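To start, the structure itself, in structure tokens.
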Amino acid sequence: MMATWSADQRNTLLALARQALVAAVRRGPPPAAVGPAVFDQRAGAFVTLRSAGDLRGCIGQVEARRLADLVVHCAGAAALEDPRFSPVVDVELSQIHIELSVLGSLTPLADPSGLEPGRHGLVISSAGRQGLLLPQVATEWGWTRDELLRQTCLKAGLPPAAWRQGAQLFTFEAEIFGEPES
């Protein structure tokens, strides 16, 4: 069961992610991840950065950790370490929009017909490779169930039909929230 975050909790986590993003880009010390009880909850999380609506970085972890520590780490890593993008620079900070995805637990998926694009995120694991797509990705791209399965295989570096050939599948839900659009 997913936790439901209050507006104050969401804003507090987003403010922490913003502080961590700015600190990482400016090469300063990360913010102290101390504060309200929401910081101490354990969950997996992803920090997604967008600029003008386009993906600019996304880093996260499925394994449950102390949420505040994970948000601080992932915000900095999304800005500086996503291998798909050059590091975020200071002049971009005002254009960056932060979105947090706080993950529920992984659930093994024996029957892919139970996969609901837009509701479920997907993890595929096979041959020492793993790929993950967040729930919102299928919605953003208008993917069907089969396309979500194929795309998650490709993200893992597997053949597109690996999900039919003994790969392990896991679903998860996420509470997704972001900074207000300017």
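The values are calculated or read from the model by the stated rules, or taken from the named source; none is laboratory data. Treat the numbers as computed from the prediction; the structure is a model and nothing was measured. As a convention, Cβ positions derive from the backbone with ideal geometry for all residues, glycine included, and neighbour counts pool all protein chains shown.
Is it the case that some residue within region 49-57 is under 17 Å from the mean Cα position of the chain (by Cα) and farther than 22 Å from GLU140 by Cα?
no
Against the condition surrounded by 14 or more Cβ atoms within 10 Å (Cβ to Cβ), within 23 Å of ILE59 (Cβ to Cβ) and within 15 Å of the chain's Cα centre (by Cα), how does GLU175 come out, does it pass?
On the way: surrounded by 14 or more Cβ atoms within 10 Å (Cβ to Cβ): yes; within 23 Å of ILE59 (Cβ to Cβ): yes; within 15 Å of the chain's Cα centre (by Cα): yes.
It is true that GLU175 is surrounded by 14 or more Cβ atoms within 10 Å (Cβ to Cβ), within 23 Å of ILE59 (Cβ to Cβ) and within 15 Å of the chain's Cα centre (by Cα).
Does any residue in region 59-83 that is closer than 12 Å to ALA23 by Cα come within less than 6 Å, Cβ to Cβ, of a residue that is assigned to a strand (DSSP E or B) six or more places away or on a different chain, and which pairs are these?
ALA75/VAL47; ALA77/ILE59; ALA79/GLY57
Across region 9-44, what is the total count of residues that are modelled with pLDDT of 90 or more, of a type in the set (D, E, K, R) and more than 16 Å from ALA78 (Cα to Cα)?
2
Limited to region 115-136, what total is found for residues that are part of a loop (DSSP other than H, G, I, E, B) and over 16 Å from the mean Cα position of the chain (by Cα)?
Here the count works out to 4.
List pairs: first residue in region 137-160 and in a loop (DSSP other than H, G, I, E, B), second residue among the basic types (Lys, Arg) anywhere in the structure, Cβ distance under 9 angstrom, at least six positions apart or on different chains.
Close Cβ pairs satisfying both conditions: TRP143/ARG150; ALA156/ARG129; GLY157/ARG129; LEU158/ARG129; PRO160/ARG150.
Which residues, counting only those in region 16-36, are in a helix (DSSP H, G or I) and within 19 Å of ASP90 (Cβ to Cβ)? Can you show your working first?
Filtering region 16-36 down to residues in a helix (DSSP H, G or I) leaves 16-25.
Those that are in a helix (DSSP H, G or I) and within 19 Å of ASP90 (Cβ to Cβ): ALA17, ARG18, GLN19, ALA20, LEU21, VAL22, ALA23, ALA24, VAL25.
Take the conditions over 28 Å from ARG150 (Cα atoms) and buried (at least 17 other Cβ atoms within 10 Å of the Cβ) and apply them to LEU14. Does it pass?
Criteria met by LEU14.
Tell me the residue from GLY166, GLY131 that is surrounded by 14 or more Cβ atoms within 10 Å (Cβ to Cβ) and either touching a His at 6+ places or on another chain (Cβ under 8 Å) or touching a residue at least 12 places away in the same chain (Cβ under 8 Å) (or both), please.
Just a single option satisfies the conditions, and that option is GLY131.
Inside region 60-95, can you point out the residues that are crowded, with 18+ Cβ neighbours inside 10 Å and more than 16 Å from the chain's Cα centre (by Cα)?
VAL88
Yes or no, residue by residue, for (1) modelled with pLDDT under 95; (2) out of contact with any strand residue (DSSP E or B) (no Cβ under 6 Å at 6 or more places or on another chain); (3) closer than 20 Å to VAL38 by Cβ:
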residue: ALA75; (1), (2), (3): no, no, yes
residue: PHE85; (1), (2), (3): no, no, no
residue: LEU93; (1), (2), (3): no, yes, no
residue: SER125; (1), (2), (3): no, no, no
residue: THR152; (1), (2), (3): no, no, no
residue: SER182; (1), (2), (3): yes, yes, no
